[in-house]
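Enquirer: Just dropping this structure here.
The values are calculated or read from the model by the stated rules, or taken from the named source; none is laboratory data. Please read these numbers as outputs of a predicted model, since none were measured by experiment. Virtual Cβ from ideal backbone geometry, glycine too; neighbours counted across all protein chains shown.
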Amino acid sequence: MKAYKILGIAGAVVFIILGFFAVINFSTNSHDKYPLSSGTASSNGAMNPVEERNKWAGLIDKFGPEYAYAEFKKEYAPTHFGIQHAAAHLVGELLYDKLGVDGVTVCDSTFAFGCYHSFFGKALAVNGLSIIKKLDEACIQAYGPLGTGCTHGIGHGLVEYFGHQQLIKALEACTLTTQVKKLFGCTSGVFMEYNVPIVFDGPTAKTEIRELNAANPHEPCNTIVPEKFRESCYYEMGQWWDKVFNKDYKHIGLLCEEAQSEYREPCYLGIGNVAAPSNEYNVQETINTCLLMPNEDAKLLCRAGASWSFFAVPEQRQLSPKLCEGLVSAETHRCAQKADLIGVGRT
């Protein structure tokens, strides 16, 4: 596995569930050498946790964790989200039990970060907060300081560890990680899990949308969230508002404009980031969404965020520059520059 591999922030699987996180592409071994798994996952949602744990534990022992996890993803791809995420929880916990912290290199964002959820959740449950620095070091060693999807998973795990009502505790625990960019990493995972929590309903999991306070749609960014975390908070609001207001981007853009001036930029960048997967990575439709923003600067920032969102998905990467085309020369450069700054250099 190559270091400095970036977990994208917009992609096919989590787009279906959460709107904007891409799946890491792990290399797998040839099936000429290894057998396919037994295929016991049912498309109607039937799953026996004991049998599944035993099956995947055996595959890990026999062929290694990377192969077992790749087969797990293939087998559960046709099943509905509730079973996918619940099964990913099972596998994530199993990987921690089998490999300890080293198992972090196996998990990815598939099935709404389910593997990371339980992997980090189990690590925290066993070791407490003292394990965070070691987990962060493992993420950096595996993916580099810009591989923010791994530490994003720590954020998800922290919300599960503290509980969904303990937002500030989870955010403060993120300070134990090495977060190069304020927008991404551990805090982005915390806000995603807070805004669109995944809860268990019996043997399956489901997503819920955090309830809107109609009197203050900016909550909690402008209330309880400490200033040092507010840029990340506003960057993630686009994803939540997209769900709450049913893709009414004109209204969402006006909400960004209501934010304090220093938080408008991350807010509009975040809208662009979610506009790309929301429009199924159609360049013109994504640009049209950004044109609904309330002023020219907001439109440019939205397009810059969308450009990064395209870049973060390998299959869409070649289209990324098109999001900044059609502007006057200076503005095209500024749009691309803003997109580059999001990713700390995209080349």
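Enquirer: So, restricting to helices (runs of 4 or more DSSP H) that lie completely within segment 183-273, which ones have at least 2 residues that are within 24 Å of residue 135 (Cα to Cα)?
Expert: 186-195, 230-244
Enquirer: Can you tell me how many residues within segment 200-225 are of a type outside the set (Ser, Thr, Tyr) and touching a residue at least 24 places away in the same chain (Cβ under 8 Å)?
Expert: Total meeting the criteria: 15.
Enquirer: With the condition kept exactly as written, say whether any residue in segment 337-347 is in contact (Cβ under 8 Å) with a residue 60 or more places away in the chain, part of a helix (DSSP H, G or I) and surrounded by 18 or more Cβ atoms within 10 Å (Cβ to Cβ).
Expert: Looking for residues that are in contact (Cβ under 8 Å) with a residue 60 or more places away in the chain, part of a helix (DSSP H, G or I) and surrounded by 18 or more Cβ atoms within 10 Å (Cβ to Cβ), one finds at least one in segment 337-347, hence yes.
Enquirer: Got at least one residue in segment 297-306 being surrounded by fewer than 17 Cβ atoms within 10 Å (Cβ to Cβ) and either among the charged types (D, E, K, R) or at pLDDT below 90 (or both)?
Expert: Checking segment 297-306: at least one residue is surrounded by fewer than 17 Cβ atoms within 10 Å (Cβ to Cβ) and either among the charged types (D, E, K, R) or at pLDDT below 90 (or both).
Enquirer: Name, by its number, the condition in (1) under 19 Å from the mean Cα position of the chain (by Cα); (2) farther than 16 Å from residue 188 by Cα that does not hold for residue 128.
Expert: Condition (1) is where residue 128 drops out.
Enquirer: Yes or no: segment 260-272 includes at least one residue that is of a type in the set (A, V, I, L, M), touching a Cys at 6+ places or on another chain (Cβ under 9 Å) and surrounded by 22 or more Cβ atoms within 10 Å (Cβ to Cβ).
Expert: So far as segment 260-272 goes, yes, one or more of its residues are of a type in the set (A, V, I, L, M), touching a Cys at 6+ places or on another chain (Cβ under 9 Å) and surrounded by 22 or more Cβ atoms within 10 Å (Cβ to Cβ).
Enquirer: Take the residues in segment 275-292 that are over 24 Å from the mean Cα position of the chain (by Cα) and either assigned to a loop (DSSP other than H, G, I, E, B) or not assigned by TED's automatic domain parsing to the domain that holds residue 240 (or both); name whichever of them is surrounded by the fewest Cβ atoms within 10 Å (Cβ to Cβ).
Expert: 291
Enquirer: Further question: Those residues that are of a type in the set (A, V, I, L, M, F, W, C), within 15 Å of residue 191 (Cβ to Cβ) and in contact with a Leu (Cβ under 9 Å, 6 or more places away or on another chain), I need them from segment 252-279; list them, please.
Expert: 267, 269, 271
Enquirer: Residue 134 - would you say it is within 17 Å of residue 101 (Cβ to Cβ), modelled with pLDDT of 90 or more and either surrounded by fewer than 22 Cβ atoms within 10 Å (Cβ to Cβ) or in contact with a Leu (Cβ under 7 Å, 6 or more places away or on another chain) (or both)?
Expert: The answer is yes for residue 134.
Enquirer: Among 169, 182, which is surrounded by fewer than 24 Cβ atoms within 10 Å (Cβ to Cβ) and touching a residue at least 40 places away in the same chain (Cβ under 8 Å)?
Expert: 182
Enquirer: Against the conditions (1) in contact (Cβ under 8 Å) with a residue 24 or more places away in the chain; (2) under 26 Å from residue 178 (Cβ atoms), where does residue 79 fall short? Just the number, please.
Expert: (2)
Enquirer: On to the next question. Which ranges mark the helices (runs of 4 or more DSSP H) fully within segment 27-116 that have 1 or more residues being at pLDDT 90 or above, charged (D, E, K, R) and farther than 24 Å from residue 149 by Cβ?
Expert: Correct list: 49-63.
Enquirer: Further, regarding this structure: Which one of the conditions (1) closer than 15 Å to residue 152 by Cβ; (2) among the basic types (Lys, Arg); (3) in contact with a strand residue (DSSP E or B) (Cβ under 9 Å, 6 or more places away or on another chain) does residue 181 fail to meet, given that it meets all the rest?
Expert: That leaves (3) as the condition not met.
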